[in-house]
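Worksheet: the structure to be examined is printed underneath.
The values are calculated or read from the model by the stated rules, or taken from the named source; none is laboratory data. Just so it is clear, the model here is predicted, and its values are computed rather than measured. Cβ placement follows ideal geometry from the backbone for every residue including glycine, while neighbour counts extend to all protein chains displayed. Quick note on the areas: whole protein, heavy atoms, side chains included, nothing else; ligands and nucleic acids left out. Shrake-Rupley method; radii C 1.70, N 1.55, O 1.52, S 1.80 Å.
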Amino acid sequence: MSMTPDVVPFINGLSSQSLLLLSLALVAGLLIGALRLTLFWKRFLRSEVITFSLRKSRSRGTALLLVGPSDAGKTALLSTLAFTGTLPSHTSLQVNTSIMPLSQGGILPVIDIPGHPRIRDQFQEHLVNARAVAFVVDASTISRNGSTVAEHLHHVLHAITSLPPSHLAPALLILANKCDLMKTATSSGSPTEVAISRVRTILERELEKRREAQSSGMGVEGLGAEGERSDMGGLDCSSPGGVFKFADWEGGEVDFAGTWVNVGELKDDEKAGVTTDGLASLRSWLAATFTTT
């Protein structure tokens with residue numbers, strides 16, 4: 001008759017010190033496993049959030065925002081775009097809104113923001129609803145008030161570059177208005193070409209002054225209206241040395257156009273449905289901007 005040897009449990013053969021070390025090793029293994037599992041889930045969830053964010057479409061507005069200094073002709077542009085002719089207007093002290101028909105069909109909301117320094121920043125309330133911003137400049141007076149116009153434009157550039165990443169920045173058009181008032185030599189080119197060149201040159205020069213003032217630590221409060229913020233951004237450019245140029249502006253592409261309107265009663269050809277105002281370049285830009293998906 002065979003004898004079956006007694007099976008002695010492995011643990012019973014360990015000293016108390018060995019049992020303690022084994023227990024510690026087991027606990028450490030469990031903690032490491034739990035930590036690895038936690039890290040795995042964090043990475044998984046983070047990748048899912050990033051994927052969802054990339055797939056989620058960025059919002060964009062649907063309106064045209066008219067901004068710029070007082071007496072630049074914004075309200076006259078609004079009435080011309082929205083109606084058959086240009087109505088006499090005066091300096092606006094409240095926001096004007098209307099709709100204009102698009103050549104490709106549909107309608108476009110147009111919002112005219114007053115240019116008075118105390119209320120001009122109301123454009124920020126409408127910026128998230130804007131698909132395009134037209135900064136309107138009186139090309140016939142820009143040589144005299146370039147620094148003031150640039151200070152206003154700086155506020156607009158800062159607001160556009162401060163939009164959240166979830167919102168697409170609106171297209172930006174600088175409109176050299178009142179081209180018909182420009183006096184040019186025959187060899188200088190058309191009034192529209194001269195107006196655009198003058199507006200671009202003066203605004204780039206004045207905005208560069210503001211950028212240099214900020215870079216040197218002087219601030220821009222001494223270059224514009226009283227109480228102006230000195231921490232505004234929006235002037236960053238990719239050009240060598242960061243010199244401000246619209247072509248190198250990091251906030252996006254900046255377009256230029258020249259316009260003029262006839263204020264008063266409709267002419268015979270306008271009554272017949274023939275457009276004779278100077279807004280052809282603006283209408284073409286709007287058609288291209290608001291048909292882009």
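Calculated accessible area for segment 139-212 comes out at 43 Å² per residue, all protein chains present (probe 1.4 Å; ligands, DNA, RNA ignored). Indicate the gyration tensor shape class of segment 90-209 (rounded, prolate or oblate), computed on the Cα atoms with a ≥ b ≥ c the square roots of the eigenvalues: a/c under 1.5 is rounded; otherwise a/b larger than b/c is prolate and the rest oblate. In terms of gyration-tensor shape, prolate. Under the simplified labelling scheme, the ARG60-LYS183 pair shows an inter-label distance of 4.4 nm, with each label point 7 Å from Cα along Cα→Cβ. A crude spin-label estimate for the pair LEU26 and THR148, with each label 7 Å from Cα along the Cβ direction, gives 8.5 nm. Here, segment 128-187 yields an orientationally averaged convex hull projection of 5.4 nm² when only Cα atoms define the hull.
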